[in-house]
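Undergrad: Here's a structure for you.
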Amino acid sequence: MTVTDIARDSVASALEQGKVESHLHPSGSYDVADHTAPTGREEVWRFTPLKRLKGLASDAVFNASTTEITWNTPDGVRVETVVGEEARGLRGLSGYKPSTLFGARILADVPETLLVDVPDEAEVAEPVIVNLVGSDADNTEAGHVVLRFGKFSKAVVVLRHTGSAALAQVVEISVGDGAQISVVSLQDWADDATHLTQTEALVGRDASYKHTAISFGGDLVRMDANVRYAAPGGSAEMLGLYFADAGQHIEHRLFVDHNEPKTKSNAVYKGALQGKGAHTVWIGNVLIRKAAEGITTFEENRNLILTDGTLCESVPNLEIETGEIEGAGHASATARFDDEQLFYLRSRGISEKEAQRLVVHGFFNDLIRKIDVPAIEEQLVKTVEDELAKNVIGKNI
Amino acid sequence: MSILQITDLHVTVDTDDGTKQILKGVTLTIKDGETHAIMGPNGSGKSTLAYTIAGHPKYTVTGGTITLDGVDVLEMSVDERARAGLFLAMQYPVEIPGVSVANFLRTAKTAIDGEAPKLRTWVKDVNAALGAADLDPTFSQRSVNEGFSGGEKKRHEIAQLGLLNPKVAVLDETDSGLDIDALKVVSEGVNRFAANGDKAVLLITHYTRILRYIKPDFVHVFVNGRIAEQGGAELADQLEATGYDKYVKAAV
């Protein structure tokens, strides 16, 4: 009996123990009445400071939006706000069936949908950049966004959030068969913003989908980035970069549902924390369903603690229902600076602060290169620099 | 004139089994124009001496002094030592993901010189230093030491030696794990540096092999945290024939 056989047997016997449903198997419903407001005791809400959400997860009134939305439209791409029948027809396009009250409320109650529509076989070189500029941190509002990528299309879409808002949001993404898609969601909010957002993607046969979540600003940002597959052969690359300052709560949760065979996923999230009360949460959920034979998945979270007084939580979570897979793994590391790296740089005459700056830059540059959207790369490097200027370079740490 | 003077140096290191005395009174004077080889068996404290000179926080100096041109080195931080003219080529250079060799070299050069290098000549200088170490110019776009082969790491250390141009170079087993071609490249780099005349070299090695390419003026045999014997280049030849056994036995 080989090691693999033993592993298979142990998986098989574990499965015979009877089905234990984890939180990765929510039933979901479009009916608002089927949902209740979270109390904070639920597995999926226990890290989130609900009191600071301004009711977005429960009963906040979704007011008329005070967020200004502008975009560019490269040739062949349609971007517009649609309402009525067309908007309703787009609800659930990604197969999204809400398992939260706010998700159900957005699908049922928000009248308009911001649609980015990339037709079949369109190859769009220029990134579609949608700017969402908030103007009122106390105006609770909600948005529904749909990114529809046709078969064999190639495109990059950036959702850039700036300014102040209290925004609940559902982003639905449909990636057609064979498409090669990159979606970047940038949360570069002002310090008083609140953002509760759920991204749901459905990846077509042999399609490749890259999702990058970048969070710098906001008082509270919580993003759930989920992926499912419409057919075998799809691949998902989930990247994340976040930087929490004093008092900020930044929460990234991802869920890759390997529901089809021969699918792939790879997740890399990197974060840094500085200042009193800076709080980050990373939850990496991966489910490998019984049907999902021959898949590979790997997820990784790395955090760099820059000062005292921060709180960093990192939970990789892998649930496996079949042993017939190519590979599955996860890694998580949270640490202060590596003393050996600092020693090496300082032994070349580089001051301690400059050495720290180089190490943090390197930590993030590694990831920024993977995003591979030159239009925002320079800005990201600069934003990291600005964040560091607040603490690492400016003060003793 | 530069003189690195080590006097009655005692060093401890904290281990899981408590504090351990590694260096037990080392006295050594290295002047510019001189190449000193320190040879000794594993665990004799050779690397501890190198890292103590560079200021690694793991090592605690419990007695003795180190001065460079009369100035107290032990009072200096790690980066101050480098800016004062000390350079340590490490046995295990550290990987710094995401930091390019080009960025690293420019930052180090700026720190050492106190001003940014001239843009016009800098790229040429970097390519020349890399070329002399048998490294391709594209090397400067790679992350520092990440994915480098053993030989590339050592040659990268030697390229830095050429660019940063210190007063005193301490080479900690730079020859370990090198094939003969890489060993020649590394030795030529050290010889080029030493040929400037006003430079001092402290070469730490386990093997005599590298001494066929770098001729030491002085050889010190290091055993059990002390210098057990000193001599000229001929001492290395003798060690090649007899090994360290008699010194190790004498020290017990």
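The values are calculated or read from the model by the stated rules, or taken from the named source; none is laboratory data. Bear in mind the structure is a predicted one, so any value in this text is a computation, not a measurement. Backbone-built Cβ (ideal geometry, glycine too); neighbour counts: all protein chains shown. Remember, those area values only see protein heavy atoms, side chains included, never the ligands or the DNA or RNA. Shrake-Rupley method; radii C 1.70, N 1.55, O 1.52, S 1.80 Å.
Undergrad: Using only atoms on other chains, find how many Cβ atoms lie within 10 Å of each Cβ of peptide B:70-79 and report the average.
TA: Going residue by residue through B:70-79 and averaging, the value is 3.
Undergrad: Pairs on different chains or at least eight residues apart, Cα atoms closer than 22 Å: how many lysine pairs in region A:3-336 fit?
TA: Total qualifying Lys-Lys pairs in region A:3-336 comes to 15.
Undergrad: Give me the base-10 log of I(q)/I(0) for region B:3-251 at each q in 0.10, 0.11, 0.18 Å⁻¹, Debye formula, one uniform scatterer per Cα, rounded to two decimals.
TA: Here the Debye-derived log intensity ratios amount to -0.48, -0.58, -1.50.
Undergrad: Sticking with this one: Mind grabbing the interface size between B and A? I mean buried accessible area, both sides, 1.4 Å probe, in Å² to the nearest hundred.
TA: 2000
Undergrad: Next up: Choose one of B:Pro93, A:Val183, A:Thr263: the residue whose Cα lies farthest towards the positive end of the charge dipole of the protein assembly as shown (beta-carbon charges +1 Lys, Arg; -1 Asp, Glu; about the Cα centre).
TA: Value computed over the given set: B:Pro93.
Undergrad: Leaving out same-chain residues fewer than 8 places away, which aspartates and glutamates sit with a Cα under 17 Å from that of A:Lys370?
TA: A:Glu237, A:Glu299, A:Glu300, A:Glu378, B:Glu146
Undergrad: Could I ask something else about it? Looking at region A:53-143, which GluC sites (Glu not before Pro) are in a loop (DSSP not H, G, I, E or B) and have at most 15 other Cβ atoms within 10 Å?
TA: Filter output for region A:53-143: A:Glu112, A:Glu121.
Undergrad: Please report, as a whole percent, how much of the solvent-accessible surface of the protein assembly as shown comes from carbon and sulfur atoms (probe radius 1.4 Å). Intermediate results must be reported in sequence, preceding the final value.
TA: Working: 12980 of 26690 Å².
After summing per-atom areas, the C and S share lands at 49 percent.
Undergrad: Could you size up the charge dipole of the protein assembly as shown around its Cα centre, putting +1 on the beta carbon of Lys and Arg and -1 on that of Asp and Glu, and report it in debye to the nearest 20?
TA: So the dipole magnitude of the protein assembly as shown works out to roughly 1320 debye.
Undergrad: Anything over 21 Å Cα to Cα? Flag those among A:Lys353/B:Lys109; B:Lys46/B:Lys184; B:Lys58/B:Lys167; B:Lys24/B:Lys249, in the order listed.
TA: B:Lys46/B:Lys184; B:Lys58/B:Lys167
Undergrad: OK, next. List every residue whose amide H lies under 5 Å from the amide H of B:Gly64, counting only residues 5 or more places away in sequence or on a different chain, with H placed 1.01 Å from N in the peptide plane.
TA: B:His10
Undergrad: Something else now. Please list, ordered by chain and number, the residues whose modelled amide H lies under 5 Å from the amide H of A:Val268; skip anything fewer than 5 residues away on the same chain.
TA: A:Met238, A:Leu239, A:Gly240, A:Glu300
Undergrad: Same structure again: To the nearest whole number, what is the average tally of beta carbon atoms from other chains within 10 Å of the beta carbons of peptide A:358-367?
TA: Shielding by partners across A:358-367 averages 5.
Undergrad: Shifting gears a bit: So how far, in whole Å, is the C-alpha centre of region A:35-80 from the one of region A:118-180?
TA: Taking the Cα centre of region A:118-180 as reference, the centre of region A:35-80 is 14 Å away.
Undergrad: Across chain A, how large is the tail of the calculated P(r) beyond 31 Å, expressed as a percent of all Cα pairs?
TA: For chain A, the fraction of Cα-Cα distances above 31 Å is 37 percent.
Undergrad: Just in region B:8-97: which trypsin sites (Lys or Arg not before Pro) are loop by DSSP and have at most 16 other Cβ atoms within 10 Å?
TA: Answer by residue number: B:Lys58.
Undergrad: Do you know which residues of region B:42-57 lose at least 50 square angstrom of accessible area in the protein assembly compared with their chain on its own, with a 1.4 angstrom probe?
TA: With the partner chains in place, region B:42-57 has these residues losing at least 50 Å²: B:His56.
Undergrad: Rounded, prolate or oblate for region A:337-397? Axes are the square roots of the Cα gyration tensor eigenvalues, ordered a ≥ b ≥ c, and the cut-off for rounded is a/c under 1.5.
TA: It is oblate, given that a/c is not under 1.5 and a/b is not larger than b/c.
Undergrad: Going by the alpha-carbon gyration tensor, a ≥ b ≥ c the square roots of its eigenvalues, is region A:154-217 rounded (a/c under 1.5) or, if a/c is not under 1.5, prolate (a/b greater than b/c) versus oblate?
TA: prolate
Undergrad: Kindly identify region B:104-252 as rounded, prolate or oblate by the Cα gyration tensor criterion: order the square roots of the eigenvalues as a ≥ b ≥ c, call it rounded if a/c is under 1.5, otherwise compare a/b with b/c, prolate if a/b is larger, else oblate.
TA: prolate
Undergrad: Cα centroids of region A:321-397 and region B:57-107: how far apart, whole angstrom?
TA: The distance from the Cα centre of region A:321-397 to that of region B:57-107 comes to 22 Å.
Undergrad: Something else about it: Order the peptides A:344-355, A:311-322, B:170-181 from the highest to the lowest mean number of other Cβ atoms within 10 Å of their residues.
TA: On the way: A:344-355: 23.0, A:311-322: 16.6, B:170-181: 19.4.
For the peptides A:344-355, A:311-322, B:170-181, the packing ranking is A:344-355, B:170-181, A:311-322.
Undergrad: Output the peptides A:264-273, B:234-243 sorted from most to least packed, where packing is the average of other Cβ atoms within 10 Å over each peptide's residues.
TA: A:264-273, B:234-243
Undergrad: Using only atoms on other chains, find how many Cβ atoms lie within 10 Å of each Cβ of peptide B:96-108 and report the average.
TA: 6
Undergrad: Right, next: In region B:128-169, what residues drop by 20 Å² or more in accessible surface going from the chain by itself to the full protein assembly, probe 1.4 Å?
TA: Residues passing the criterion (a loss of at least 20 Å², heavy atoms only) do not exist in region B:128-169.
Undergrad: What is the packing order of peptides B:138-146, A:163-171, taking the mean over residues of other C-beta atoms within 10 Å and listing the highest first?
TA: A:163-171, B:138-146
Undergrad: Given +1 on the Cβ of Lys and Arg, -1 on the Cβ of Asp and Glu, and no further charges, what dipole in debye does region A:56-153 carry about its Cα centre, rounded to the nearest 20?
TA: The dipole magnitude comes to about 440 debye.
Undergrad: Probe of 1.4 angstrom, ligands and nucleic acids ignored: what's the accessible area per residue over the protein assembly as shown, in square angstrom?
TA: Numbers: 26690 Å² over 649 residues.
Result: 41 Å² per residue.
Undergrad: Which residues does the label zone of B:Ala128 cover in region B:150-174, counting backbone N under 16 Å from a point 7 Å along Cα→Cβ?
TA: So the set is B:159-166.
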